[in-house]
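The values are calculated or read from the model by the stated rules, or taken from the named source; none is laboratory data. Just so it is clear, the structure is predicted and the values come from calculations on it, not from any experiment. With ideal geometry, Cβ positions are generated from the backbone for all residues, glycine too; neighbour counts draw on all protein chains shown. Please note that ligands, DNA and RNA were not included when accessible areas were found on the heavy atoms of the full protein model with its side chains. Shrake-Rupley method; radii C 1.70, N 1.55, O 1.52, S 1.80 Å.
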Amino acid sequence: MDHVLTTERLVLRPVRPGDHAALLAHWIRPDVRRFLFDGEPPSAAEVTETIEESVRDFAASGYGVWLIEAGLAGAGPAGGPDLAGGPDLVGTAGLRPLEDLGLEIFYSLAPGSWGHGYATEAARAVVEYALGPLGLREVLAEVDEGNAASVAVVKRLGMTPFAVVPGVLGPMTRYRTTA
């Protein structure tokens, strides 16, 4: 299974080592990481570790980090070329463990991609994959109190709040949706 997810406007493909420069450039932007990585920029080594972990997780468990590309459906091998942070980079989405509760969805968008519904479209594809082919009973999300855009996304996905927990940047609300 190649784990590529396709929507009407997007292709989500697992990250690979050749994406390192694009991911680092994307994730170190202050406006992108504001609610991701607790606002701290990841190091190059942390991005390498994230990619390696994602490759292992996809091979072992069918989930990890997807690179979100626009307008590349059917272009190039495996859903498109390795990116160097060009205009086709919409952002990232993924699934990762949330403590011992289950898997949570996360995503980040390039500022030029904000306001077009891409976060909801990509997140919906990941949630449907998780609850369908991956066979999860539920998908979680954890959203910082001040992240109104992500609150709107999880609500559009039909996720409901179930807990508020402390976080580095302040309170975080946990959401869930079930199969």
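For the chain, a simple Cβ point-charge model (Lys and Arg +1, Asp and Glu -1, everything else neutral) yields a dipole of about 460 debye relative to the Cα centre. Restriction of the GluC sites (Glu not before Pro) in segment 132-179 to DSSP coil positions whose beta-carbon has at most 16 other beta-carbons within 10 angstrom yields Glu145.
In this simple spin-label model, placing a label point 7 Å from the Cα along the Cα-to-Cβ direction at both Asp100 and Arg34 gives a separation of 3.6 nm. The GNM of the chain, with springs linking C-alpha atoms under 10 angstrom apart, assigns the highest mean-square fluctuation among Glu53, Glu69, Glu104 to Glu53. The residue among Val32, Ile51, Leu10 whose Cα reaches farthest toward the positive pole of the charge dipole of the chain, with charges on the beta-carbon of Lys, Arg, Asp and Glu, is Leu10. For the chain, the C-alpha radius of gyration sits at 0.96 times the compact-globule guess of 2.2 N^0.38 Å, with N the residue count.
Secondary structure note: in the chain, about 95% of the DSSP beta bridges are antiparallel. Label zone of Ala59 (point 7 Å out along Cα→Cβ, amide N under 13 Å): in segment 1-38 this covers 17. Relative contact order of the chain: 19 percent, from C-alpha pairs under 8 Å at least 6 residues apart in sequence. In the context of the full set of protein chains, the chain has a per residue accessible area of 48 Å² (1.4 Å probe). Taking Glu52, Glu99, Glu121 as the candidate residues, the one with maximal mean-square fluctuation in a Gaussian network model of the chain, Cα springs under 10 Å, is Glu99.
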